[in-house]
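Novice: Pasting a structure below so you can have a look.
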Amino acid sequence: MARKSPFFSHIHNFMKVADKLQRIEELTENLSLPKYNSLKINYLARLITDTELHVNHCETCKKNEVLLTNMIEEIPHLNNIEHRQPYEKSFNQIRAHFHKAHHYIPIHYYASRYSMVGIILGLLLAILTSYLITKTIHTDALLIGSIVGLAIGYLWGSYKEIPYRKAKKII
Ligand SMILES: [Zn+2]
């Protein structure tokens with residue numbers, strides 16, 4: 001069997017995505033906006049698009065591709081909790097796969113972690129300097145320490161997220 005050229009395989013994947021997005025549109029055209037949002041339809045579309053990017057070289061993405069097709073067909077049945085639970089579980093499963101296997105990060109991953117570390121270090125530093133200089137611990141110093149720590153942590157974390165944002169690897 002002749003091997004498909006990468007170019008045609010990209011076109012083929014692109015068409016598969018277009019078909020799925022078309023199907024989502026058909027199934028959601030009568031949904032209200034709050035309902036649309038609560039079913040995370042935009043997020044579903046994002047998972048479909050990104051899964052297709054990896055489907056040619058990742059077995060799990062290949063399986064997830066089938067899972068996603070089934071999730072689309074579940075859309076009309078999601079008022080039923082027995083359908084809704086597996087749907088939500090599939091989201092988490094596919095998302096976790098991107099984090100683990102394809103070096104994606106969750107939204108605000110570094111910003112939130114570094115902010116927390118910043119607050120703690122800022123507080124410790126404030127306690128230490130306040131005590132060393134005045135022999136007591138001033139609440140003002142604690143407040144300033146935690147705010148400065150938070151700001152530095154947040155900026156540092158956001159900076160670290162830039163390459164992920166550029167590569168569209170936040171999911
Ligand atoms: Zn994969």
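The numbers here are math on the coordinates, done by the rules we state, and not lab data. Keep in mind the model is a prediction, meaning the values are calculated, not measured. As a convention, Cβ positions derive from the backbone with ideal geometry for all residues, glycine included, and neighbour counts pool all protein chains shown.
Novice: Check residue 93 against each of (1) more than 13 Å from the ligand (Cβ to nearest atom); (2) within 30 Å of residue 161 (Cβ to Cβ); (3) among the polar types (S, T, N, Q) and name the one condition it does not meet.
Specialist: Tallying (1) more than 13 Å from the ligand (Cβ to nearest atom); (2) within 30 Å of residue 161 (Cβ to Cβ); (3) among the polar types (S, T, N, Q), residue 93 fails exactly one: (1).
Novice: For the subset of region 139-171 comprising residues that are basic (Lys, Arg) and surrounded by 14 or more Cβ atoms within 10 Å (Cβ to Cβ), which member is nearest to residue 114 (Cα to Cα)?
Specialist: Among those that are basic (Lys, Arg) and surrounded by 14 or more Cβ atoms within 10 Å (Cβ to Cβ), it is 160.
Novice: Is region 35-51 home to any residue that is farther than 19 Å from residue 93 by Cα and part of a loop (DSSP other than H, G, I, E, B)?
Specialist: For region 35-51, residues farther than 19 Å from residue 93 by Cα and part of a loop (DSSP other than H, G, I, E, B): absent.
Novice: Turning to a different aspect of this structure: Against the conditions (1) on the phi > 0 side of the Ramachandran plot; (2) surrounded by 13 or more Cβ atoms within 10 Å (Cβ to Cβ); (3) within 16 Å of the ligand (Cβ to nearest atom), where does residue 108 fall short? Just the number, please.
Specialist: Failed condition: (3).
Novice: Which is within 16 Å of the ligand (Cβ to nearest atom) and surrounded by 13 or more Cβ atoms within 10 Å (Cβ to Cβ), of 62, 100?
Specialist: So the residue among 62, 100 that is within 16 Å of the ligand (Cβ to nearest atom) and surrounded by 13 or more Cβ atoms within 10 Å (Cβ to Cβ) is 62.
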